[in-house]
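Q: Structure in structure tokens, see below.
The values are calculated or read from the model by the stated rules, or taken from the named source; none is laboratory data. A quick note: this is a predicted structure, and the numbers were derived from the prediction, not measured. Using ideal geometry, Cβ is built from the backbone for each residue, glycine included, and neighbour counts are taken over all protein chains shown. Heavy atoms of the whole protein, side chains included, go into the accessibility calculation; ligands, DNA and RNA do not. Shrake-Rupley method; radii C 1.70, N 1.55, O 1.52, S 1.80 Å.
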Amino acid sequence: MSLPVGTRSRAAGKGEAHLARGEPMGAASRSGGRRGARDADAAPMSDRRIEAMPRERLAALQLTRLRRMLGRASGVALHAQRMAAAGVDARALRSLDDLRRLPFTVKDDLRANYPFGMLAGPLASMARLHASSGTTGKPTVVGCTPGDISTWAELMARSMVCAGVRRGELVHNAYGYGLFTGGLGAHYGAEALGCPVVPMSGGNTEKQVTLMADFGARVLCSTPSYALAIAEEARRQGVDLRACGLRLGLFGAEPWSESMRDEIQSQLGIVARDVYGLSEIMGPGVAIECVAGPCGLHGWEDHFIFEVIDPETGEPVPEGNAGELVITTLSREAMPMIRYRTRDITRVSTAPCDCGRTHLRLQRITGRSDDMLIIRGVNVYPSQIEAVLVGLPEIAPHYQLVVDREGVLDRLVIEVELDPAAMAAVGRHAALAASIRHHVKSMVGVSATVTLRAPGEIPRSAGKAVRVRDLRHYGSQRPG
């Protein structure tokens, strides 16, 4: 199946169409190398002209689209004021480096312009509105034009092919539908690829297992934590989903570790691939792992510019160094985003990939800069502790971190479930808790109290798992 990048872009000029077709542009563009072309022939792609485009030509395409996007962004008062203050003229932009003259956009900008101040067009031109839950302030509103919906479906279909989904395979979609972008993003992408979709959404886990088994689902889309809940329910029902045809899972919407991947693959008997996206930028389909294995997620550079910065200074870090991911949209019509700080911690690589794709790869998101816990002076990401816990013998892959204060000092309590077989071995519990404390201290460098819970006591979530309960700001008033 071919989904050419220019099919929905009515505003594309001749120069951009020339670039997108992959036509020669002189000696510099012929340096893509034979290796990429040879590997591209072996790996299924939605559009080889785009996905295996030489990086010099890809950069030229980005610059053309960046100029057009900044012109559209001038219709947003916030962006127009910032471009004027920085002396940036979209038409006179000379290089991609000029983008760094503009300030970052942050989530608080969206809240301050609630509800429609970030839209680049009238409300009547929108096809859909998404919004965050607003649990930490005003919701962030995200608009989509019909063209945005088409681009999103195209990119999610491209992502699914990249991850190994085949046309015609049954996709069981357990991402939440509604204001959350995960469900509809996966749904539209699967349909664009030509896959039948079971729009199950989250929750009702018992029925999820029944339908997956009865319908013969081949691909599961969900959060990684919910995939484990499905596996747990399947065991309870005595259903072996491996015997029902399930072979591939596309998991995202929350940070997860390699240990969690191993656990999901072991319990469900599938290949688990990482999907990345965020509502402010598009939703799922911004980046995804390819069939070459867990070597990073290809970020689609024909639609996004990726930067990695030091979260403290805002300065770019060298390629391969960890930092905060910043994304600029290139084709977003309703809500162009300029240098949006995602708060996600990653690193990037432009090294050639065995699948033949030339688009850079994001390494697994290790956490969010605003999710980092500081426990007695030690910086800790929840995913670091997950990497230690998941896979340890005698415990289940369900946990929660509770941060409290003991006097003037912070205290970390790790609540983790025992597996059913270990529950009866009461005499082993103290030694097991001590062993977990030792592993966390030696691998992460933080001291913690370990509380062992009975199977099922850690809350399950059909959406994003709640991994941290930070009680420090409650003082003596503890929530029930």
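Q: (1) surrounded by 23 or more Cβ atoms within 10 Å (Cβ to Cβ); (2) under 19 Å from residue 186 (Cα atoms): which one isn't true of residue 248, the others all being true?
A: Failing condition for residue 248: (1).
Q: Residue check, residue 147 against (1) open to solvent by less than 10 Å² (accessible area, probe 1.4 Å); (2) over 30 Å from residue 459 (Cα atoms); (3) in contact with a strand residue (DSSP E or B) (Cβ under 9 Å, 6 or more places away or on another chain), all met but one. Which one?
A: Checking residue 147 against (1) open to solvent by less than 10 Å² (accessible area, probe 1.4 Å); (2) over 30 Å from residue 459 (Cα atoms); (3) in contact with a strand residue (DSSP E or B) (Cβ under 9 Å, 6 or more places away or on another chain), the one that fails is (3).
Q: Can you pull out every residue in the stretch 247-293 that is of a type in the set (Lys, Arg) and assigned to a helix (DSSP H, G or I)?
A: First, pick out the residues of the stretch 247-293 that are of a type in the set (Lys, Arg): 247, 261, 273.
Passing the criteria: only 261.
Q: Just to verify a result, which residue in the stretch 307-337, among those that are touching a Gly at 6+ places or on another chain (Cβ under 6 Å) and within 22 Å of residue 141 (Cα to Cα), is surrounded by the fewest Cβ atoms within 10 Å (Cβ to Cβ)? Break it down into steps so the answer makes sense when it comes.
A: From the stretch 307-337, those touching a Gly at 6+ places or on another chain (Cβ under 6 Å) are 308-310, 317, 333-335; that's our starting set.
Those left that are additionally within 22 Å of residue 141 (Cα to Cα): 333-335.
Values: 333: 26, 334: 23, 335: 25.
Per the stated criteria, the residue is 334.
Q: If you don't mind, another one. Working only within the stretch 196-230, note down all residues that are open to solvent by less than 10 Å² (accessible area, probe 1.4 Å), modelled with pLDDT of 95 or more and not in a helix (DSSP H, G or I).
A: Those that are open to solvent by less than 10 Å² (accessible area, probe 1.4 Å), modelled with pLDDT of 95 or more and not in a helix (DSSP H, G or I): 217, 219, 220, 221, 222.
Q: Using beta carbons and a limit of 7 Å, which pairs, at least six apart or on different chains, have the first residue in the stretch 370-397 and farther than 20 Å from residue 460 by Cα and open to solvent by 20 Å² or more (accessible area, probe 1.4 Å) and the second one aliphatic (A, V, I, L, M) and modelled with pLDDT under 80?
A: 376/409; 379/372; 381/372
Q: How many residues, within the stretch 425-453, are assigned to a loop (DSSP other than H, G, I, E, B) and more than 31 Å from the chain's Cα centre (by Cα)? Reasoning before the result, please.
A: Applying the first criterion (assigned to a loop (DSSP other than H, G, I, E, B)) to the stretch 425-453 yields 425, 445-448.
Pick out the ones that are also more than 31 Å from the chain's Cα centre (by Cα) and you get 425.
Counting residues in the stretch 425-453 that are assigned to a loop (DSSP other than H, G, I, E, B) and more than 31 Å from the chain's Cα centre (by Cα) gives 1.
Q: Now, a different point. When residues of the stretch 47-62 are filtered for being of a type in the set (Gly, Ala, Ser) and either modelled with pLDDT under 95 or part of a helix (DSSP H, G or I) (or both), how many remain? Outline the logic, then answer.
A: Applying the first criterion (of a type in the set (Gly, Ala, Ser)) to the stretch 47-62 yields 52, 59-60.
With the extra rule that they be either modelled with pLDDT under 95 or part of a helix (DSSP H, G or I) (or both), the set shrinks to 59-60.
Selection size over the stretch 47-62: 2.
Q: Could I ask something else about it? Just to verify a result, which residue in the stretch 71-91, among those that are outside any helix (DSSP H, G or I) and of a type outside the set (Gly, Ala, Ser), is nearest to the chain's Cα centre (by Cα)?
A: Going residue by residue through the stretch 71-91, those that are outside any helix (DSSP H, G or I) are 74-76, 87-89.
Right, trim to of a type outside the set (Gly, Ala, Ser) and you get 76, 88-89.
Values: 76: 26, 88: 31, 89: 32 Å.
Result: 76.
Q: Taking the stretch 158-186, which residues are open to solvent by 30 Å² or more (accessible area, probe 1.4 Å) and part of a helix (DSSP H, G or I)?
A: 184
Q: Is the stretch 388-401 home to any residue that is under 16 Å from residue 301 (Cβ atoms), in contact with a helix residue (DSSP H, G or I) (Cβ under 9 Å, 6 or more places away or on another chain) and of a type in the set (A, V, I, L, M, F, W, C)?
A: From the stretch 388-401, those under 16 Å from residue 301 (Cβ atoms) are none; that's our starting set.
Scanning the stretch 388-401 turns up no residue that is under 16 Å from residue 301 (Cβ atoms), in contact with a helix residue (DSSP H, G or I) (Cβ under 9 Å, 6 or more places away or on another chain) and of a type in the set (A, V, I, L, M, F, W, C).
Q: For the stretch 361-383, what are the residues that are closer than 26 Å to residue 292 by Cβ and either modelled with pLDDT of 85 or more or in a helix (DSSP H, G or I) (or both)?
A: Residues satisfying the conditions are 361, 362, 363, 364, 365, 383.
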